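Read the structure below first, then the notes.
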Amino acid sequence: MRTVDVCLSPDMMHLYDISERTVVIVDILRATSCMVTAFAHGVDHIVPHANLESCRAMKAEGYITSGERNGEKVDGFDKGNSPFEYMQGVKGNKIAFTTTNGTQAIDKSLRAREIIIGSFLNLSSVAQHLLHGSNSVLILCAGWKGKINLEDSIFAGALVNKIRSQILPECDAPLAAAHLYETAKGDMTGFMASASHVQRLRRLDVTKDIAFCLSEDKYDVVPFLDGRNQLTIDKTRVPRGNWQ
């Protein structure tokens, strides 16, 4: 029997054995939304970095350097962390990407059988990928510096609801997330109005990102981390589980 669980913060990852699981990385505002948007607009691959300086060094290898710290574009980088920046200038290119939370969550998931990237933008495609797979699932919410956030938890609930007929909730966390989504789904933007990261983005004057990142099923791509620790959608590349 396959199951789905939800890890509400990367700081709780020590509680989970992920060696045989598919881990869905989710950082709605805004890392995974940017990654999905980039693949939908033709990027070749993305190399996620937990470390800022290792990401910066990739520029010398022909990579577009992208990402943020504390919500703001890193000084000297080519792109920041708005999905609108990944709708042009990425086709056929390769990106080195680092963020405050999302790429840290990927780094903490490297023991997983499979790692895929989830967002509202590709929600149904992620659900179909999981339903057609054979692994149990852990949805990892990137949160904010170890703390739980609302938008990632709501996404986890939306995904649980789409797969729970075949992949059963393992404990109370998936049930709580699903209930949260059911409460929020009628007015996602309104429900999120007082969320901490929404307030943070408003102070940075990037409010247009919020509504976009809460939009469901704009794209049908499912990025996965391959055996070279590169995010790709090219199924001819060696999947992570077969590389190890």
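The values are calculated or read from the model by the stated rules, or taken from the named source; none is laboratory data. Just so we're clear, the structure is a prediction, and the values are computed from it rather than from any experiment. Glycine also receives a Cβ, built like all others from the backbone with ideal geometry; neighbour counts cover every protein chain displayed.
In table form, for the structure just shown:
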{"item": "Elements of type helices (runs of 4 or more DSSP H) contained in the range 131-244, each with 2 or more residues being closer than 17 Å to residue 120 by Cα and among the polar types (S, T, N, Q)", "result": "150-163"}
{"item": "Restricting the range 148-181 to residues that are charged (D, E, K, R) and touching a Cys at 6+ places or on another chain (Cβ under 8 Å), the residue that is modelled with the lowest pLDDT", "result": "151"}
{"item": "The range 92-130: number of residues that are closer than 24 Å to residue 3 by Cα, within 11 Å of the chain's Cα centre (by Cα) and in a loop (DSSP other than H, G, I, E, B)", "result": "1"}
{"item": "Of all residues in the range 93-109 being over 12 Å from residue 140 (Cβ atoms) and aliphatic (A, V, I, L, M), the one that is surrounded by the fewest Cβ atoms within 10 Å (Cβ to Cβ)", "result": "96"}
